[in-house]
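Notes follow the structure.
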Amino acid sequence: MLNALSTSAPSEVSPPTAVPTTPAYGDPNDPRLGNLQDISCPGYFGHVELACPVYHQGFIDMVLKSLRCVCYHCSSLVVGDISNDFKVKKASSITKRKTRLEAMHNTLRNKAGKQCDHCGRHQPPAIGGTGYGDLQEIVKDEDARKLGLDIAWAKPEWLVVSVLPVPPLHVRPSIHAGGNTSEDDLTHQLINVVKSNIALKDAIATGAPYMIQERRTAPLRSSTT
Ligand SMILES: [Zn+2]
């Protein structure tokens with residue numbers, strides 16, 4: 001599991017809106033990502049900073065279960081004192097982390113519509129969009145531990161993609177045949193990600209209406225996951 005900070009350490013890739021014919025700085029075949037002719041070098045990762053965090057398909061179940069256990073408004077566990085609730089106390093004492101998250105989720109998910117013990121506000125009936133403070137801190141560290149998550153290796157916000165790693169050229173080599181050059185499917189997908197990311201960034205920067213931003217967020221989500 002990587003956090004956004006470590007993922008963004010390599011150079012940022014900001015490809016143009018079409019497959020480039022010659023490598024250039026900032027495109028998906030950026031020479032800084034590696035040289036295909038040099039078999040002694042495996043290449044280097046780049047990154048794309050996404051205009052909004054995107055759920056990762058592989059971790060959506062864990063994120064959803066974590067979100068259902070915390071308050072929509074203050075990101076604290078909806079139950080204030082675990083020791084006062086027999087079922088929650090029993091679930092939080094389970095040693096196996098995965099089983100603990102499952103048990104905590106089964107116990108706390110029924111709190112939808114009820115009041116949070118911390119802020120006193122009611123929980124929405126369903127989770128939607130990018131609430132939860134833009135998913136930057138969806139679960140507090142101390143609560144993540146109670147849920148069975150290991151914050152040293154997998155903080156809840158790391159399960160959401162905010163910086164997308166761009167694999168080296170050696171992972172997605174171009175194919176040269178009959179005088180033509182064809183790009184790998186992964187390169188085409190990366191271009192789709194960047195095109196939709198640029199469109200959403202523009203919409204946010206120009207203060208476009210919420211509906212327009214939502215419409216531009218959908219392609220980013222689908223192309224990233
Ligand atoms: Zn609350």
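The values are calculated or read from the model by the stated rules, or taken from the named source; none is laboratory data. If you're wondering where the values come from, they're calculated on a predicted model, not measured in any experiment. We place every Cβ from the backbone using ideal geometry, glycine too, and count neighbours over all the protein chains shown.
Details
- Under the condition of being modelled with pLDDT of 70 or more, of a type in the set (A, V, I, L, M, F, W, C) and farther than 20 Å from Ala103 by Cβ, the residues counted in the stretch 128-160 number 4.
- Verdict on Ala203 being buried (at least 18 other Cβ atoms within 10 Å of the Cβ) and among the small types (Gly, Ala, Ser): yes
- A count restricted to the stretch 161-175 and to residues that are modelled with pLDDT of 85 or more and either crowded, with 17+ Cβ neighbours inside 10 Å or part of a strand (DSSP E or B) (or both) stands at 10.
- Every residue from the stretch 66-99 that is more than 16 Å from the ligand (Cβ to nearest atom), in a helix (DSSP H, G or I), touching a residue at least 24 places away in the same chain (Cβ under 8 Å) and surrounded by fewer than 19 Cβ atoms within 10 Å (Cβ to Cβ): Arg97, Lys98, Thr99
- Scanning the stretch 176-207 for residues that are outside any strand (DSSP E or B) and either over 25 Å from His47 (Cβ atoms) or of a type in the set (Lys, Arg) (or both) yields a total of 5.
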